[in-house]
1. Using a 10 angstrom cutoff on alpha carbons, build the Gaussian network for the chain and name the most mobile of Thr279, Thr110, Thr17.
2. Tally Lys and Arg at +1 and Asp and Glu at -1 over the other residues with C-beta under 14 Å from the C-beta of Leu221: what net charge comes out?
3. If R₀ is 30 angstrom, what is the calculated FRET efficiency for the pair Ala130 and Glu243, using the beta carbon separation as r and rounding to 0.05?
4. Using per-residue counts of other Cβ atoms within 10 Å, averaged over each peptide, order 145-157, 261-273, 201-213 from highest down.
5. Order 247-259, 330-342 from most to least packed using the mean count of other Cβ atoms within 10 Å.
6. Between His251 and Ala61, what FRET efficiency comes out of the Förster formula 1/(1 + (r/R0)^6) with R0 = 51 Å and r the beta carbon distance, rounded to 0.05?
7. How much length would be gained if the chain were fully extended between Thr88 and His178, taking 0.36 nm per residue of separation minus their Cα-Cα distance, in nm to one decimal?
8. Just to be sure I understand: with springs between alpha-carbon atoms less than 10 Å apart, which residue in Leu140, Leu60, Leu289 has the highest mean-square fluctuation in the Gaussian network model of the chain?
Amino acid sequence: MTATSPLTERLYDALATHATSTGRTRISLVSLMSIQAQIEQHAATRSGARARLRAALDTLAAAGRLEPPQGKKLWDQTAQPALPAWITVITDLAPATISVDLDTVFWAPTISRWLREWTRISRPGAGIRASLREINTWLLEHLAGPPPIVAREERSLDIFGDEKKLARIEASSIFAAHRLSPQELAYERPIPPLRAARLADHGDLLLIENQSTFDSAWRALRHDPSPFAAVAFSNGWEAAFAEPTLHVTEHLQLREPPARIWYAGDLDLDGLDIPLTLTANLETHDHPLPYPLTSAYAAMLAAGTTTPSGPIERGVAEQAAEWLPQHLRQQTADLLTTGNRIAQEVLDRAWWSNPTWRREVLSGAG
């Protein structure tokens, strides 16, 4: 089964930060979609984005962390699934802080160039103003020259005495375009590694969506890895982001970057959106794009072992199936529209141990 997307885990943090920094707990659908775009990058434009946002909101509502409106007229019904026109964040708001008068502060040049425009447009609350003042104090201490670049959480501890705060406010208005940037605060976001088994010092990379399938593929290849340098699994949505793949050469100490990337995942909406999103993200870095491991997907469809899932609209299903070769798209779209999915675990250890599937890779077919 596809692992939960980063959206559910990070959405509430972003909503709570918005509420505490602005004092406003009602958040519009437009703002929700904007936060989703920041969290999911290219995934927010893919076919399953609306469904993922609804699932995340339903999960948070069930946990008592937010409240959607009750009346159907207060829901956006222009597409499915319906989404609330707004939600109310349930959070223990911190006691009101002492108002931060921006006019009494000497601001570092990095902030002063956009401060007035930010105040006028964003109308920031006392919480985010106080955070900006802490950042300003740090910047003033380093006017003579920037310190060495460190990890985000290390810089956050340095500035706020809280290693997690910087990650929480990265989605706030002070980090919008043409305002603050990681470069100005001399930090880098940590690059999440792929869970990988290194097989050789050069060759192709095989990306697998789930852990058990990774284990079967790795065991099948460990004694005869050609043409693979490594097998990795992405824990679901982690593979949708470019950074782990872009840095796999350094993380695994390969002699050269993987010649090609092959991907196999579940035949469901998320399982197809993940490689489509990875493709879009890698394309922005002018990086070679992944190929679908056609033999794996063909074998999954041939096995016919389905599990129930929610039915997907035809247009959405066809868009998701675009990841696959032409001759597999129709059957895949039909699978999704009938409310079924196929887990990649139908490709068991015996399948991966059969050398037949590697002919596709060795021939260079994509």
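Any read-out appearing in this document is the output of simple, stated calculations on the displayed coordinates, not a laboratory observation. These figures come from a predicted structure and were not determined experimentally. All Cβ positions, glycine included, derive from the backbone under ideal geometry; neighbour counts span all protein chains shown.
1. Thr110
2. On the way: positive: Arg198, Arg219, Arg222, Arg349, Arg358; negative: Asp204, Asp215, Asp224.
Every neighbour counted, the sum reads +2.
3. 0.45
4. Ranking the peptides 145-157, 261-273, 201-213 by packing returns 261-273, 201-213, 145-157.
5. On the way: 247-259: 15.4, 330-342: 18.2.
Descending packing order for the listed peptides: 330-342, 247-259.
6. On the way: r = 38 Å, r/R0 = 0.74.
So the FRET efficiency works out to roughly 0.85.
7. 29.4 nm
8. Fluctuation is largest for Leu140.
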